[in-house]
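As structure tokens, the structure follows; a few thoughts come after it.
The values are calculated or read from the model by the stated rules, or taken from the named source; none is laboratory data. All values reported here derive from a predicted model rather than from experimental measurement. Neighbour counts are summed over all protein chains in view; Cβ atoms, including those assigned to glycine, are modelled from backbone coordinates with ideal geometry.
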């Protein structure tokens, strides 16, 4: 692999002035918004579409996550959805021709107690039954997969076993956004940057467009693919959401001289570790308990993450933190995403992407595109509709390391 | 946000406290009783700006505080006790 190979595959992006009206306006130029536009163009031939982004594309959570792609969730609806996303990711380079640095790595979820082992055994059964192959591994097998690990957990968190989710992967997050953006642009979709939506145009009950500093843009359908300020946008349509926005911190270290080819995650310490293509160690953990829109990293979070992760991977003590940042996680009341109709005609949402949004980009975009094009939510996302809360069909699933 | 001023214990590290919940009324515009229950149980104002919430001093006096905080910057504006 040479640097030239990656440079040559940088996709062409083009920026045009917005027109006055479109069939579909998508608010939010992150992964979900751009993927929805891409699949509208490629799967349904709908190209009278604009993506309106407040800052620059992938400047929000798409460019701030820890890039892990996996499907080992806790309920069948979620496992099927994320497994489909994992498969779309695996074929994305072939489909778009853009290099996204997709690497299948396998994810090891460590258990330190008998209770955690039982939970991981149950997870293996459920995931394998739903198509996301996951197997139990012993401490000796863990050591063979990750030689740098301390099986005693620094004497405090002994490792009793783990579940191994075989097809978990990572991909370069901004390249995923660029691949979807360029694929959509090549087919006529317009992407407008630096155009924060300041209001929604209403006609009777219906949402019929957006207001931006660049002027009004009319739309047959408005889709919110906003991360962070989705509650504010939905309120403009009179829609209330079961969402709270919490910061999640992450950091990378300087280069680690050895290969670290797996993703390691911990059920007890609530942190996850992988290595970037450049050799840096990338570490994230659970989101802050208190809601906030701040994207400043905090020394308290870094200290807590570092203390946890060095118990199981002591070599990290010799590394230095190079960069730290935070993103805004929209945590839904049942820890599952919210996709589909809102009860307001002409206004759809894809939100509640909490700490699990990046891995869902292709499947979420594909399903939202089908909903927009056909007017019917595909079976894959029908359970995730907003009205599940009123129907008492919540999808409780704290299937993410950051949410337990 | 590194410390909180507990009215009983003084200025203490944030690690000693546990976040409870936001304090908010169900919007008066929602009049239907079922819709009010739904809102109270699941939904959130999720405000971007000043908010009032409850914190628990878990590793201190083990009493609840009412804290006003700005969610734009994650900074405490005041403690109501």
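Quick notes
- Lone unmet requirement of (1) without any contact (Cβ under 8 Å) to a residue 12 or more places away in the chain; (2) surrounded by 15 or more Cβ atoms within 10 Å (Cβ to Cβ); (3) assigned to a strand (DSSP E or B) for residue B:78: (2)
- Here the condition is being part of a strand (DSSP E or B), modelled with pLDDT of 95 or more and either more than 26 Å from residue A:260 (Cβ to Cβ) or not assigned by TED's automatic domain parsing to the domain that holds residue A:310 (or both); of A:210, A:197, it holds for A:210 alone.
- Of all residues in segment A:343-362, those satisfying the criterion of being part of a loop (DSSP other than H, G, I, E, B) and under 19 Å from the mean Cα position of the chain (by Cα) are A:352, A:353, A:354, A:355, A:356, A:357.
- Screening segment A:363-404 for residues that are in a helix (DSSP H, G or I) and at pLDDT below 95 and picking the one that is surrounded by the fewest Cβ atoms within 10 Å (Cβ to Cβ) gives A:403.
- Any hit, segment B:32-39, residues being farther than 26 Å from residue A:299 by Cβ, in contact (Cβ under 8 Å) with a residue 40 or more places away in the chain and away from every other protein chain (no Cβ under 12 Å): no
- Among the residues of segment A:230-247, none is identified as in contact with a helix residue (DSSP H, G or I) (Cβ under 7 Å, 6 or more places away or on another chain) and more than 13 Å from chain B (Cβ to nearest Cβ).
- One residue from A:104, A:99, A:83 being under 22 Å from the mean Cα position of the chain (by Cα), at pLDDT below 95 and either at negative phi or assigned by TED's automatic domain parsing to the domain that holds residue A:293 (or both): A:99
One line per residue, one yes/no per condition, for (1) on the phi > 0 side of the Ramachandran plot; (2) touching a strand residue (DSSP E or B) at 6+ places or on another chain (Cβ under 7 Å); (3) buried (at least 17 other Cβ atoms within 10 Å of the Cβ):
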| position | (1), (2), (3) |
| --- | --- |
| A:131 | yes, no, no |
| A:135 | no, yes, no |
| A:159 | no, yes, yes |
| A:188 | yes, no, no |
| A:195 | no, yes, yes |
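- Conditions (1) more than 10 Å from every other protein chain (Cβ to nearest Cβ); (2) touching a residue at least 40 places away in the same chain (Cβ under 8 Å); (3) under 21 Å from the mean Cα position of the chain (by Cα); number of the one not met by residue A:275: (2)
- Within segment B:49-66, the set of residues being over 22 Å from residue A:300 (Cβ atoms), surrounded by 13 or more Cβ atoms within 10 Å (Cβ to Cβ) and within 11 Å of chain A (Cβ to nearest Cβ) is empty.
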